[in-house]
Amino acid sequence: MSVIAFANQKGGVGKTTTAVNVAAALAARGRRTLLVDADPQGNATSVLANERPGEGTYEVLCRQAPTSRLIRGSRYRNLDLLAATDDLAGAEVELATAEGRYARLSAALAEHPYRYVVIDTPPSLGFLTLNALVAARFVVVPLQAEYYALEGLAKLSGTIEKVRSSLNPELRLMGVALTMFDRRLNLAKQVAEDVRKHFGAKVFDTIIPRSVRLAEAPGFRESAMSFDGMSSGATAYDQLTEEIHERTEARTWQRA
Ligand SMILES: Nc1ncnc2c1ncn2[C@@H]1O[C@H](COP(=O)(O)OP(=O)(O)O)[C@@H](O)[C@H]1O
Ligand SMILES: [Mg+2]
């Protein structure tokens, strides 16, 4: 089981779009996958859920309910969902005083038959994101190719280091994924160059283009692949997913 958290405390950088499409692409390749929606906004849940869920991530984190009872199937084969519900908005406050508040997701995810667990996180470094980082083996950071893209990343790197030195020594930054890339803008190219200078080989080769189809798909409750499999966005997410799969399997790069 490989647990991958998609995190960046900035909102609107493509975390949810990336988590949903990578999870859907992993599942489409026959890899049994669970998506954990740890964002109270529940955008991943809206796309993937078969029906409006009554329970999910909140019960796991705040009630320590068994995940096996709360995981549901999704609109896609091989892809299951632990859903975000309205209650999840209260989880930050409830967890703040709860015992073992950092490791609840991690405890809940032990012993599951999934090849991949993909966690979508909210735009903050609070207890929800911390639970994701403590549960994960890998972090993927989606980064929007625009000014200030690198701003705030020092804080995220610091948080990853802290989690690593305390509760989860296994945690690794798997890679940085450039998203919403507009090839017509020199600015985007400049940002991509800066990001490569800063993160080197950690940056995935695949760049996710800005694409109207990607922005439209969630409105139809579709992944990029099922909405328009030939679109540039669908193709890019398929390639990114293969890179993620390769990096999960490889061992050499992790020592770098
Ligand atoms: N590559 C892209 N091209 C165009 N629109 C995108 C792309 N990626 C995401 N979006 C849109 O941008 C918005 C923010 O993306 P989202 O994945 O929700 O970010 P986050 O989860 O980091 O807040 C959403 O409306 C989404 O549909
Ligand atoms: Mg999101």
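Name every residue in the range 188-227 that is open to solvent by 70 Å² or more (accessible area, probe 1.4 Å), under 15 Å from Leu143 (Cβ atoms) and not in a helix (DSSP H, G or I), in order of residue number.
Answer for the range 188-227, where residues must be open to solvent by 70 Å² or more (accessible area, probe 1.4 Å), under 15 Å from Leu143 (Cβ atoms) and not in a helix (DSSP H, G or I): Asp205, Arg210.
Of everything in the range 3-16 that's under 20 Å from Ala217 (Cβ atoms) and in contact with a helix residue (DSSP H, G or I) (Cβ under 6 Å, 6 or more places away or on another chain), which residue is nearest to ligand 1 (Cβ to nearest atom)?
Of everything passing the filter in the range 3-16, Thr16 is nearest to ligand 1 (Cβ to nearest atom).
Name the residues in the range 82-127 that are in a loop (DSSP other than H, G, I, E, B) and touching a residue at least 60 places away in the same chain (Cβ under 8 Å), would you?
Once the filter is applied, which keeps residues that are in a loop (DSSP other than H, G, I, E, B) and touching a residue at least 60 places away in the same chain (Cβ under 8 Å), the range 82-127 yields Tyr102, Ala103, His112, Pro113, Tyr114, Arg115, Thr121, Pro122, Pro123, Ser124, Leu125.
Taking the residues in the range 111-123 that are surrounded by fewer than 23 Cβ atoms within 10 Å (Cβ to Cβ) and either of a type in the set (Asp, Glu) or closer than 12 Å to Lys15 by Cα (or both) as candidates, determine which candidate is nearest to ligand 1 (Cβ to nearest atom).
Within the range 111-123, the first condition is being surrounded by fewer than 23 Cβ atoms within 10 Å (Cβ to Cβ), and the residues that meet it are 111-115, 123.
Those left that are additionally either of a type in the set (Asp, Glu) or closer than 12 Å to Lys15 by Cα (or both): 111, 123.
Values: Glu111: 29, Pro123: 6 Å.
Restricting to residues being surrounded by fewer than 23 Cβ atoms within 10 Å (Cβ to Cβ) and either of a type in the set (Asp, Glu) or closer than 12 Å to Lys15 by Cα (or both), the top hit is Pro123.
So in the range 17-38, with the set limited to residues that are more than 10 Å from the chain's Cα centre (by Cα) and within 15 Å of ligand 1 (Cβ to nearest atom), which one is surrounded by the fewest Cβ atoms within 10 Å (Cβ to Cβ)? Before the answer, list the steps.
Applying the first criterion (more than 10 Å from the chain's Cα centre (by Cα)) to the range 17-38 yields 24-34.
Subset that is within 15 Å of ligand 1 (Cβ to nearest atom): 24-25.
Numbers: Ala24: 29, Ala25: 25.
Here the residue is Ala25.
If we scan the range 198-215, do we find a residue that is among the polar types (S, T, N, Q) and either more than 17 Å from the chain's Cα centre (by Cα) or modelled with pLDDT under 95 (or both)? Spell out how you get there, then give the answer.
Step one: filter the range 198-215 for residues among the polar types (S, T, N, Q), giving 206, 211.
From what is left, the residues that are either more than 17 Å from the chain's Cα centre (by Cα) or modelled with pLDDT under 95 (or both) are 211.
For the range 198-215, residues among the polar types (S, T, N, Q) and either more than 17 Å from the chain's Cα centre (by Cα) or modelled with pLDDT under 95 (or both): present.
Would you check which residues across the range 165-187 are hydrophobic (A, V, I, L, M, F, W, C) and part of a loop (DSSP other than H, G, I, E, B) and list them?
We begin by selecting, within the range 165-187, every residue hydrophobic (A, V, I, L, M, F, W, C); these are 167, 171, 173-174, 176-178, 180-181, 185, 187.
Passing the criteria: Leu167, Leu171, Met180, Leu185.
Do we have Val47 as open to solvent by less than 60 Å² (accessible area, probe 1.4 Å), within 14 Å of ligand 1 (Cβ to nearest atom), among the aliphatic types (A, V, I, L, M) and over 18 Å from Arg115 (Cα atoms) here?
Yes; evaluated as a whole, the condition is true for this residue.
The values are calculated or read from the model by the stated rules, or taken from the named source; none is laboratory data. As the structure is a prediction and not an experimental result, all values here were calculated from the model. All Cβ positions, glycine included, derive from the backbone under ideal geometry; neighbour counts span all protein chains shown. Each accessible area value is taken on the protein alone, full model and side chains, heavy atoms only, with ligands, DNA and RNA left out. Shrake-Rupley method; radii C 1.70, N 1.55, O 1.52, S 1.80 Å.
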